[in-house]
Amino acid sequence: MIYFDNNATTPIDVRVLEAMLPYLRRFHGNPSSLYRLGRVSRSAIETAREQVAALVLARPDQVIFTSGGTEANNLAINNVPANAAVAISAIEHPSVFEPAIARKSYFRQFSQLAVDDNGVVQPSGLQAMQWVKGDFASIMLANNETGVVQDIPALTAELKTNGVTVHTDAVQALGKIPVSFPALGVDLMSLSGHKIYGPKGSGALVVGEDIALSPQLLGGGQEYGCRAGTENVAAIVGFGRAAQIIMNELGQRHKKLGRLRSALEGLLLDIPGVTVLAEQAQRLPNTVMFAIKNVDGEMLLMQLDKQGIAVSSGSACASAGGHPSPVLKAMGVDPELSKGAIRVSLGKDNTEQEVNDFIVVLKKIINV
Ligand SMILES: Cc1ncc(COP(=O)(O)O)c(C=O)c1O
């Protein structure tokens, strides 16, 4: 099988699995228990916290473990004070968009920031807002569908001087490009374990110095009182180990993915009728979103699946729902072309041979 859907999820790295297994087999202690078995679990969590923090250049006590990117995004958005002015980009993941929409009527002002035809967030929407201290903006670092990377420091510099709280969803960026919490200058940043060869159901919200976070889950006061519930120790350990591996391997992964992606894109653009979306924007090195004139994306996805090739026709959720991608809509992509959109997201273990095989199969399906 050729797995080309690494933005949806990644296979677990065997080194991650090995790190997790002792916490599933032997060390079952509750991290809040005071005896030795409990302390083993506690210590494993704190090691993982250090590993995740080190990867994003944050302090360990700024890392709040969650059940994934979705929970981290919800935690950030649910902390926006009522009466705040709020801006989110028009291309946010549903786990930012939906909680923002759900709370919209409590906000003083709410706006969705437009993107240009390459999927780049336009600063004009931010400049049009009347910002005061405590207001809130959320702009994702890298988009899951197009791979477009936003210049967060440039977009948010002025907001920061006005005391606006800035959140970024860095779920797709992590492990593909360097992600530095201090260099981004944001107050809150969401991460997910299963996009970086870690386990599903792991993630974190990184929280800046001056942010007092209210929990959305109340109970035992775990995670510095920000996220109650007995910790998923094995998943947290796996997330930490996955982060640690990236510290050593990001450079080589980045180079390899960039090489594969440019080979893939070159071959795709040789096919008549192919458009690469967001081609002119700065993008993650692994992601290509393309469309073929007069070819239905869902149909193509199913045909590729029959040949053992997994791709996506948009974000994972959008694929399942069969709705046209809101991201492509925000970019002003012709709806006919959007219907044909296919996302290939490469991973660290893909090869040039797989890229070539994919192109052969694709050409056969569309008869060129
Ligand atoms: C940009 C982005 N944010 C958030 C999420 C949600 O993360 P999780 O699957 O860990 O809940 C995803 C997953 O698809 C994503 O792509």
Original post:
What is the chain's relative contact order, in percent, from Cα pairs under 8 angstrom and six or more apart in sequence?
Top reply: 23
**OP:** Grab the Cα-Cα distance for K293 and N356, subtract it from 0.36 nm times how many residues apart they are, and report the gain in nm with one decimal.
**Re:** 20.6 nm
Subject >> Overall form of the stretch 150-256 per C-alpha gyration tensor (a/c, 1.5; a/b vs b/c) >> reply: oblate
Subject >> Mean separation of Cα contacts under 8 Å, 6 or more apart, over the residue count of the stretch 235-368: relative contact order % >> reply: 29
Original post:
Sorted from fewest to most neighbouring beta carbons within 10 Å, what does the list D13, D357 look like?
Top reply: D357, D13
**OP:** Going by C-beta contacts inside 10 Å, put I139, I12 in order with the fewest on the left.
**Re:** I12, I139
Original post:
What whole number of Å gives the distance from the Cα centroid of the stretch 114-170 to the Cα centroid of the stretch 263-289?
Top reply: 25
Original post:
Rounded to the nearest 5, what % of the DSSP beta bridges within the chain are antiparallel ones?
Top reply: 55
Original post:
Which of the GluC sites (Glu not before Pro) found in the stretch 201-286 are loop residues per DSSP with 12 or fewer other Cβ atoms within 10 Å of their Cβ?
Top reply: E209
Subject >> Cα gyration tensor shape for the chain, rounded if a/c is under 1.5, else prolate or oblate >> reply: oblate
Subject >> DSSP beta bridge pairing in the stretch 161-235, given as percent antiparallel to the nearest 5 >> reply: 55
Original post:
By the gyration tensor of its Cα atoms, with a ≥ b ≥ c the square roots of the eigenvalues, what is the shape of the stretch 267-368: rounded for a/c under 1.5, prolate for a/b over b/c, or oblate?
Top reply: rounded
Original post:
Which of the trypsin sites (Lys or Arg not before Pro) across the stretch 74-173 are loop residues per DSSP, with 12 or fewer other Cβ within 10 Å?
Top reply: K133
Original post:
Which of the lysines could a cross-linker span from K133 if the Cα-Cα distance has to be under 18 Å and same-chain partners fewer than 8 positions apart are dropped?
Top reply: K160
Original post:
Using r as the Cβ-Cβ distance of K133 and K104, and R0 as 25 Å, what FRET efficiency do you calculate, to the nearest 0.05?
Top reply: 0.75
Subject >> Helix-only mean residue ellipticity at 222 nm for the chain, each DSSP H run of n ≥ 4 adding -39500 (n - 2.57), per residue, nearest 500 >> reply: -12000 deg cm²/dmol
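Please give the contour-minus-distance gain from A157 to L269: 0.36 nm per residue of separation, less the Cα-Cα distance, rounded to one decimal in nm.
The span from A157 to L269 would gain 36.6 nm if fully extended.
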Subject >> FRET efficiency for L57 and N248, using Cβ-Cβ distance with R0 set to 22 Å, rounded to 0.05 >> reply: 0.90
Original post:
Out of V327, V14, V148, any idea which swings most in a Gaussian network model of the chain, alpha carbons joined below 10 Å?
Top reply: V14
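What percent does the relative contact order of the stretch 1-125 come to when contacts are Cα pairs within less than 8 Å and at least six residues apart? Walk me through the intermediate numbers first.
Working: 106 pairs, mean separation 16.7, N = 125.
Worked out over the stretch 1-125, it gives 13 percent.
None of the figures in this text is laboratory data; all of them are computed from the coordinates on show. As the structure is a computational prediction, the values presented were derived from the model and not from experiment. Here Cβ is always computed from backbone atoms with ideal geometry, including for glycine, and neighbour counts include all displayed protein chains.
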